[in-house]
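Notes follow once the structure below has been shown.
Just so you know, all these numbers are worked out from the coordinates, no wet-lab data involved. All values derive from a computational prediction rather than experimental measurement. Glycine also receives a Cβ, built like all others from the backbone with ideal geometry; neighbour counts cover every protein chain displayed.
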Amino acid sequence: MTEGDTTGPATRPGPAATGDTSRLVAWSRELRAVHERLRDALRVTRAALDDGEPAEPATRDLLLFCHGFCTALTRHHEGEDRELFPAIAAAHPELVGTLRNLTQDHSMITHLLSGLQAAVDRSASPDELDRHLEGVAAIMESHFRYEERALLTVLDTLALDADVRDVLGPL
């Protein structure tokens, strides 16, 4: 998207028209890489919970990792909703239902992250924090697998001229 452009993400002609496939293929690799980094961030967050003292579950490390993970996952989904999904819908209108399902997942994950953040803020017990993290992990993994099955092939051919951090988040 160019500065001042409010019409949505810019798209370029497909690979047959430009001969440029390196950036096109990169979108599928970038999505997989971001998902893996988010999985890693969740593992680190869970490890911080496991390392905390039972009487003090909201340790500084847990607060830091939880905040970082929650922020990264939220920004990833916001970028998809704002940049990636509209570009996919424009190029592949047959995927509008799939994109709607993925957007609903984003809303559900946001709700779960809010519950996790509230539990961390009030220094909930390690068992309660673990339940929150388990719920986020289950939905996140299901969402990532569905998204990858439904979109990676499309992303191999998507011509989207945008900064990867704007589209997939800052990770």
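Couple of notes before you dig in:
- For Leu160, distant residues with modelled amide H under 5 Å away: Arg12
- Signed unit charges on C-beta, dipole axis of the range 20-156, positive-most listed residue Cys66, Ala41, Val154: Val154
- The charge dipole of the range 20-156, taken about its Cα centre with unit charges on the Cβ of Lys, Arg, Asp and Glu (plus for the first two, minus for the last two), comes to roughly 300 debye.
- When the P(r) is computed for the range 20-156, the part past 18 Å accounts for 56% of the Cα-Cα pairs.
- Overall dimensions of the range 117-171, expressed as equivalent-ellipsoid semi-axes from the Cα gyration tensor (√(5λ), whole Å, largest first), are 33, 16, 5.
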